[in-house]
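All remarks here apply to the structure that follows.
The values are calculated or read from the model by the stated rules, or taken from the named source; none is laboratory data. Quick caveat: nothing in here was measured; it's all calculated off a predicted structure. All Cβ positions, glycine included, derive from the backbone under ideal geometry; neighbour counts span all protein chains shown.
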Amino acid sequence: MENGSILDTIGLKLLAELQKNPRASYAELGRQVGLSPSATAERVRRLEDAKIIKGYRLDIDPAALGYTVTAHIRMVCDGERYRQFTQFVKTLDAVRECDHVTGGDALMMKVIVCSIEELENLIMKLLNYGVPTTSLVLSQTVVRHEFNLEPQKASVKGRWQAEDGSPVKLNAAGLREERSRSAQL
């Protein structure tokens, strides 16, 4: 089944309900979207198999575990040091996210530690690979875990459905296959 047919109205409703309550039973989800529990389980399995649902996670408050210092570290490193650093950073538990970015910096990391002293020790380790620039997080202004699925509906229709609502085939490059004029007649 193509992503377009998985992300139909029911697929989007399932995603919306699972964002609200990922622990909902198939029976409960089915009531919300108008499917039987077994049909709901099959649809969720297809969303998982297609990697649209990548997993289910527990959201733990870091401060409850003593992790009270959050910082963003931008890193400038190049050449061989960059390759070495991308391997090294995977070994650092304090690094919660690390993104390769555009601009003057090569990487941007979000780190969470228990103290300023621990942050300083981490920064000292990073100096072996380049130039870190650190910003402490004072507070979080916005934290979003749910996605707005409304724009997705238009995107899905535009990408995977023809004007008449029929599925559109994608070629090997993931591009829409255009039907020839004679096939449309």
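Among the candidates 69, 89, which residue alone is assigned by TED's automatic domain parsing to the domain that holds residue 124, in contact with a helix residue (DSSP H, G or I) (Cβ under 6 Å, 6 or more places away or on another chain) and surrounded by 12 or more Cβ atoms within 10 Å (Cβ to Cβ)?
Result of the check over 69, 89: 69.
Restricting to the stretch 36-53, what's the tally of residues that are out of contact with any helix residue (DSSP H, G or I) (no Cβ under 7 Å at 6 or more places or on another chain) and in a loop (DSSP other than H, G, I, E, B)?
1
Hey, residue 82 hits all of (1) in a helix (DSSP H, G or I); (2) surrounded by fewer than 16 Cβ atoms within 10 Å (Cβ to Cβ) but one; which does it fall short on?
It fails just one condition, (2).
Which residues, taken from the stretch 82-129, are within 15 Å of residue 67 (Cα to Cα) and among the hydroxyl-bearing types (Ser, Thr, Tyr)?
Within the stretch 82-129, just 115 meets the criteria.
Could you identify the single residue in 7, 58 that is modelled with pLDDT under 95, closer than 22 Å to residue 144 by Cβ and either surrounded by fewer than 13 Cβ atoms within 10 Å (Cβ to Cβ) or touching a Ser or Thr at 6+ places or on another chain (Cβ under 8 Å) (or both)?
Step by step, each of 7, 58 is checked, and only 58 is modelled with pLDDT under 95, closer than 22 Å to residue 144 by Cβ and either surrounded by fewer than 13 Cβ atoms within 10 Å (Cβ to Cβ) or touching a Ser or Thr at 6+ places or on another chain (Cβ under 8 Å) (or both).
Any idea which of (1) part of a loop (DSSP other than H, G, I, E, B); (2) surrounded by 10 or more Cβ atoms within 10 Å (Cβ to Cβ) is the one residue 139 doesn't satisfy?
Evaluating residue 139 over (1) part of a loop (DSSP other than H, G, I, E, B); (2) surrounded by 10 or more Cβ atoms within 10 Å (Cβ to Cβ) leaves (2) as the failure.
For the stretch 131-145, does any single residue satisfy the condition of being in contact with a helix residue (DSSP H, G or I) (Cβ under 8 Å, 6 or more places away or on another chain) and within 28 Å of residue 18 (Cα to Cα)?
Within the stretch 131-145, one or more residues are in contact with a helix residue (DSSP H, G or I) (Cβ under 8 Å, 6 or more places away or on another chain) and within 28 Å of residue 18 (Cα to Cα).
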